[in-house]
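Novice: Right, I'll just put the structure down here and ask away after.
The values are calculated or read from the model by the stated rules, or taken from the named source; none is laboratory data. A quick note: this is a predicted structure, and the numbers were derived from the prediction, not measured. We place every Cβ from the backbone using ideal geometry, glycine too, and count neighbours over all the protein chains shown.
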Amino acid sequence: MPAYMIVTAAIRDREAFIAGYGAAAAALIPQFGGEYLLRGPGAECLEGSFGEGASMVISKWPDRAAIKAFWNSPEYAEARKLREGLADVQVLVIDGPDLVTPESG
């Protein structure tokens, strides 16, 4: 069953974040079997206190094990250092059905 990683990021320096961490993480995602479904800024928070104006990233993975292999890899540990001081993030993982997207038919 596929698993999805949902990231909410309150970014303080968008240009530095994208040029450093964003580029490094994006290069690793496909190496570990993931694919982006959504990446974008400007989330609207309807309830709660985290997320107003934040960037959201949703990625699809073959399973939780693939996410954990990515998350715990030495390569991602190096990439994660590039966002230090640039953003506050919340990362969730959830199993779910295979989502049909316009690109996948």
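Novice: Only one of (1) loosely packed, with under 15 Cβ neighbours inside 10 Å; (2) farther than 16 Å from Val93 by Cβ is not met by Ala43, so which one is it?
Specialist: (1)
Novice: Do we have Val57 as in contact (Cβ under 8 Å) with a residue 40 or more places away in the chain and out of contact with any Gly (no Cβ under 9 Å at 6 or more places or on another chain) here? Break it down into steps so the answer makes sense when it comes.
Specialist: Numbers: in contact (Cβ under 8 Å) with a residue 40 or more places away in the chain: yes; out of contact with any Gly (no Cβ under 9 Å at 6 or more places or on another chain): no.
No: the conditions fail for Val57.
Novice: Among the residues of segment 14-34, count how many are surrounded by 13 or more Cβ atoms within 10 Å (Cβ to Cβ) and of a type in the set (D, E, K, R).
Specialist: Residues in segment 14-34 being surrounded by 13 or more Cβ atoms within 10 Å (Cβ to Cβ) and of a type in the set (D, E, K, R): 1 in total.
Novice: For the structure I just gave you, tell me whether Trp61 is within 16 Å of Val7 (Cβ to Cβ), surrounded by 17 or more Cβ atoms within 10 Å (Cβ to Cβ), modelled with pLDDT of 95 or more and not hydroxyl-bearing (Ser, Thr, Tyr). Steps first, please.
Specialist: Numbers: within 16 Å of Val7 (Cβ to Cβ): yes; surrounded by 17 or more Cβ atoms within 10 Å (Cβ to Cβ): yes; modelled with pLDDT of 95 or more: yes; not hydroxyl-bearing (Ser, Thr, Tyr): yes.
Yes, satisfied.
Novice: Return yes when Ile94 is closer than 14 Å to Met5 by Cα, at pLDDT 95 or above and not in a helix (DSSP H, G or I) and no when it is not. Let's see the steps before the verdict.
Specialist: Numbers: closer than 14 Å to Met5 by Cα: yes; at pLDDT 95 or above: yes; not in a helix (DSSP H, G or I): yes.
Here the answer is yes, as Ile94 does meet what is asked.
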